[in-house]
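*Asks:* Sharing a structure, written as structure tokens. Questions coming.
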Amino acid sequence: MGLELPKYPEMEEDQVFNFTDSEIVSHVKQALASVLSGDNNSYNQLVGVMHHSKHLAPDEVALLETTLKALAGAVSSIDITHHDSLLSAIFCMSMWNYGPHVADALAELIVSLAISNGKYLDLCLGMLVSNFTPPPYFLDKLKMPHGLERKGQVLSRVHAAFKKIADYVPLAPLRLLTIVLQGMPTIYHKDRAIVIYVENMLKLESGEIGELVGSTILMAVVDRLIELDVEIGWDAILQDDFSKGIFEMELEDVDDIEESAEPDVGEFRLSRKSLAGNSIAELLDNLLVLTFEHLESCEREGRLAKVFETLLQSFRVTVLSAYKSKFAQFVMFYACALDPENCGMRFATMLADLFVQDSQPQPTRMSAVSYLASYLSRAKFLAASSISSMLKGLVDWCLEYCEAHDADINPNAHRVFYSGCQAIMYVLCFRMKVFVDVPRLKSELLIPLEQVLKHKLNPLKVCLPSVVEEFLRQAKAASLFTVCKTFIFDGLLESELSRAFGGLERLDTFFPFDPCLLKKCDSFIRPMFVFWSMVKPAYDDAFDDDDDDDGSSDDDLVQDFVNENEDIMNDEFGKSFDEQGVDMDEFDYALKKMSITPKATSNYKFGGRFQEPARMPSRIRPSTSPESL
């Protein structure tokens with residue numbers, strides 16, 4: 001029947017399984033002790049049993065299970081020096097190779113070793129972590145029901161073992177954290193192996209051990225997302241044509257085209273098609289979906305607010321400074337979408353605070369306002385009142401900057417100012433109708449904005465031509481204000497002046513929440529995302545309700561504003577607020593009470609006047625050039 005427990009003169013082969021547990025433990029202890037006297041025969045048989053892993057007969061399975069249980073009862077007799085071959089064999093065992101009974105016995109032995117002697121702790125934790133992923137031969141079986149069942153059996157036992165060890169050894173979670181981070185597969189490992197490993201990391205984060213190490217684990221996951229993201233070069237995505245503007249580039253309505261081979265479906269389709277077969281992109285897509293699902297579980301368990309604080313910290317440290325990031329930022333977007341009132345507000349608050357803080361580096365402030373503008377433009381779940389209060393804060397900050405700087409155009413010296421102006425115009429390209437249809441907002445936001453745009457710093461000449469051109473077209477059509485000087489852009493995406501204020505990082509062309517080109521990730525983001533095709537510009541004759549099959553985000557926002565401000569408009573946008581009987585003091589208070597920063601000062605007015613935004617999703621073809629990011 002193969003290798004067996006050590007025999008003694010009175011023990012016959014057919015009696016091996018008739019001993020009591022205590023008798024079997026006693027025999028194993030004798031085999032372990034025999035090494036000290038130079039008799040290795042019984043000990044070697046014991047070690048040999050540990051090497052049985054594949055294609056075991058029923059009696060071999062029973063022998064292995066019995067031996068593991070006996071060793072768990074004899075851990076006090078195991079010596080790390082004299083029994084190194086036995087320990088090595090145990091720590092090389094994989095639960096993926098065995099059924100539930102043997103896996104239970106192996107987990108029991110590992111737990112017993114870990115809590116019996118501190119010398120074994122790291123070895124035991126390392127062995128359990130190695131079981132995060134299956135042996136290479138088993139990866140293909142994960143596509144089948146049997147493989148998924150085995151996966152569930154193994155991982156449930158691994159994490160139960162972690163908890164038992166942590167209950168007895170309080171410092172075990174900290175040691176486990178180091179081992180988990182060191183053992184994290186590189187981006188060049190097999191796709192499924194990395195996904196399963198990250199799945200286990202997120203499982204640790206959501207468990208009791210996560211109370212101690214969860215934040216570090218989550219930040220490590222985000223770091224890995226960024227590493228994968230920057231591996232995907234822009235040249236693998238963009239079909240560059242810089243004679244086109246930002247808004248012309250966005251050809252995103254191809255959700256029904258899927259794998260069509262038609263050659264004329266647009267740049268967006270070509271861009272997504274260029275990612276097909278890109279293993280890094282597919283891996284990142286899978287990991288983002290895994291992270292989204294984890295955030296959903298956090299929201300169901302009431303933990304999202306706490307987890308979001310970690311995500312905010314990770315965003316500031318890792319994502320915000322990764323100017324070539326194309327997809328990883330959607331973790332923040334989706335988390336905000338799950339809880340607009342809390343997470344959405346916290347995200348916007350952080351971005352606003354970073355933008356107004358003089359102590360922050362210029363690239364950080366510019367990147368922050370780029371994120372804020374893209375967020376306000378693209379997040380379908382944002383309330384109109386939130387968008388208006390955010391824009392009011394931006395306009396107030398820019399106006400105050402103009403009052404403090406009596407200077408002419410200088411893209412290098414006033415980079416932060418120009419980035420703020422461009423952010424305002426970019427948002428208004430998407431949300432203009434909200435402010436046109438609400439007279440009060442028009443007077444409080446657009447009139448001060450006119451003073452900013454007509455200042456000697458001349459942001460209309462410096463900011464990205466494609467954004468300025470679209471903004472002026474809508475402003476002219478809506479009769480908001482007129483610009484004396486004629487601007488000739490020739491449909492250019494960028495200019496020498498915009499490149500100058502954008503700097504080496506080309507933050508003038510950074511729109512981080514343009515549509516996501518990752519197919520699986522997009523399925524989560526799309527329902528909450530505002531596409532350019534959903535926007536009804538002021539110059540569009542289709543300002544009525546025609547072609548509303550997929551919903552007008554502008555109309556939705558106006559209706560949101562109505563609902564949130566107690567029938568301010570009553571669906572009659574032509575009426576003034578006074579005609580509608582609106583208490584303007586109450587309305588002013590509603591707008592001003594949404595402060596997202598400490599008390600406003602003369603240099604801090606922007607952040608102090610912000611209101612909460614909602615959560616966000618995204619999806620557009622990247623509108624930045626490779627060298628710009």
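*Asks:* Can you give me the Rg/Rh ratio for the range 81-190, using Cα atoms for both radii and the Kirkwood formula for Rh?
*Replies:* Working: Rg = 14.2 Å, Rh = 14.6 Å.
Rg divided by Rh gives 0.97.
*Asks:* What is the Cα centroid distance between the range 115-154 and the range 44-100, reported in whole angstrom?
*Replies:* Here the answer is 16 Å between Cα centres.
*Asks:* How high is the relative contact order of the range 21-183? Use alpha-carbon pairs under 8 Å, at least six apart in sequence, and give a whole percent.
*Replies:* Working: 155 pairs, mean separation 34.6, N = 163.
Computed value for the range 21-183: 21 percent relative contact order.
*Asks:* Quick one: if you stick a label point 7 Å off each Cα along the C-beta vector at Ser523 and Ala62, how many nm between them?
*Replies:* In this crude spin-label approximation the distance works out to 4.7 nm.
*Asks:* At 7 Å along Cα-to-Cβ for each site, give me the label-to-label distance between Asp540 and Leu181 in nm.
*Replies:* 4.8
*Asks:* Collect residues whose amide H, placed 1.01 Å from N in the peptide plane, falls under 5 Å from the amide H of Phe529; neighbours closer than 5 in sequence don't count.
*Replies:* Sorted by chain and number, the residues that satisfy this are Lys380.
*Asks:* Something else now. Between Glu23 and Leu174, how many nm apart are label points set 7 Å from Cα along the C-beta direction?
*Replies:* 4.7
*Asks:* Let me ask something else about it. Quick one: Karplus J couplings for the range 413-423, per residue in order, coefficients 6.51, -1.76, 1.60, θ = phi - 60°, nearest Hz, x for Gly and Pro?
*Replies:* 7, 10, 4, 5, 4, 5, 5, x, 4, 5, 4
*Asks:* To continue, here is another question. Expected output is a single nm value to one decimal: the length gained when fully extending between Gln360 and Ser156, i.e. 0.36 nm times separation in residues minus the C-alpha distance. What is it? The partial results should precede the final answer.
*Replies:* Details: separation 204, 0.36 × 204 = 73.44 nm, distance 4.54 nm.
Full extension from Gln360 to Ser156 adds 68.9 nm.
*Asks:* What are the ³J(HN,Hα) couplings of the range 326-343, residue after residue, when phi is run through the Karplus curve with 6.51, -1.76, 1.60 and θ = phi - 60°? Round to Hz, x for glycine and proline.
*Replies:* 10, 9, 4, 5, 6, 4, 5, 4, 6, 4, 5, 5, 6, 8, x, 5, 9, 5
*Asks:* By average Cβ neighbour count within 10 Å, what is the ranking of 423-436, 60-73, 402-415 from highest down?
*Replies:* 423-436, 60-73, 402-415
*Asks:* Additional query: How far, in nm, would the chain grow between Tyr188 and Glu403 when pulled straight, counting 0.36 nm per residue and subtracting the alpha carbon separation? Please list the in-between numbers first.
*Replies:* Values: separation 215, 0.36 × 215 = 77.40 nm, distance 5.35 nm.
Here the answer is 72.0 nm.
*Asks:* Could you give the length gained on full extension between Ser85 and Lys163, defined as 0.36 nm per residue of separation minus the Cα-Cα distance, in nm? Intermediate values should be presented prior to the final figure.
*Replies:* Values: separation 78, 0.36 × 78 = 28.08 nm, distance 2.73 nm.
That pair, Ser85 and Lys163, stretches by 25.3 nm at full extension.
Readers should treat all values here as calculations from the given coordinates under stated rules, not as data from a laboratory. The model shown is predicted, which means the values in this text are computed figures rather than measured ones. Virtual Cβ from ideal backbone geometry, glycine too; neighbours counted across all protein chains shown.
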